[in-house]
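The values are calculated or read from the model by the stated rules, or taken from the named source; none is laboratory data. Predicted model, so just to flag it, every value in this text is computed and none were measured. Virtual Cβ from ideal backbone geometry, glycine too; neighbours counted across all protein chains shown. Ligands, DNA and RNA are stripped out before the accessible areas are found, and what is left, the full protein with its side chains, is counted by its heavy atoms. Shrake-Rupley method; radii C 1.70, N 1.55, O 1.52, S 1.80 Å.
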Amino acid sequence: MFAVHRMCLATLLLCTQAGVQAGDIYRWVDDQGRAHWSDSVPEKYRDSATRVDTRQYELTPDQQREAAERSARERAHTPALPEPPAAAAPSGAAPQAPAPPVVKRPVEQVTESTDCATWWRLYRESQECFGPFHTLGGGLKPEAFDHCNEIPSPELKCGPYRE
């Protein structure tokens, strides 16, 4: 699904760029050996800069038409996203049934009598539940606790996990 969206976006970008005329692009290497590409070159590097031919990346009218047709076909075969729920029902409308309660995973909790094998299973289920809610910085999104029960690691009581 993600690939279809990415393909549609790429096609759309290519189609919208068709009418845009790109200016000259130059390439130069700075004192640290890093290559740069830009439409303006610092005075210091003007003698060593080379113009890059960007016309090789422009689409022909036939390619633009084919891309537009392909995009339309893909859009027709892509399922529509679900509509977001309405904020409030208008007065006089029939009341909607309440949303079903969210069942947190894992359903079971650890107690004093929980054996080590069960505790490790519950701990792994808890970690799997929290997995999609991790942020890039390593934290957890707050809504994770609406969906997942936090099970403490059994390692202190049961020792390291063994298969």
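Note on the stretch 128-152: residues that are open to solvent by 30 Å² or more (accessible area, probe 1.4 Å), not in a loop (DSSP other than H, G, I, E, B) and not aromatic (Phe, Trp, Tyr) total 7.
Do the conditions hold for residue 107, that is, is it out of contact with any Leu (no Cβ under 6 Å at 6 or more places or on another chain) and at pLDDT 85 or above?
Numbers: out of contact with any Leu (no Cβ under 6 Å at 6 or more places or on another chain): yes; at pLDDT 85 or above: yes.
Judged against the criteria, residue 107 is a match.
Which one is modelled with the lowest pLDDT among residues in the stretch 44-103 that are closer than 30 Å to residue 32 by Cβ and open to solvent by less than 80 Å² (accessible area, probe 1.4 Å)? Steps first, please.
We begin by selecting, within the stretch 44-103, every residue closer than 30 Å to residue 32 by Cβ; these are 44-54, 56-57.
Next, only the ones that are open to solvent by less than 80 Å² (accessible area, probe 1.4 Å) stay: 45, 48-50, 52-54.
Numbers: 45: 90, 48: 89, 49: 90, 50: 89, 52: 84, 53: 80, 54: 75.
Ranking the qualifying residues of the stretch 44-103, first place goes to 54.
Taking residues in the stretch 95-108 that are acidic (Asp, Glu), and partners anywhere that are open to solvent by less than 90 Å² (accessible area, probe 1.4 Å), the pairs with Cβ atoms closer than 7 Å and at least 6 places apart or on different chains are 108/122. Consider the stretch 153-163 and keep the residues that are free of Cβ contacts under 8 Å to residues at least 24 places away in the same chain and either assigned to a helix (DSSP H, G or I) or of a type in the set (A, V, I, L, M, F, W, C) (or both). The one that is surrounded by the fewest Cβ atoms within 10 Å (Cβ to Cβ) is 156.
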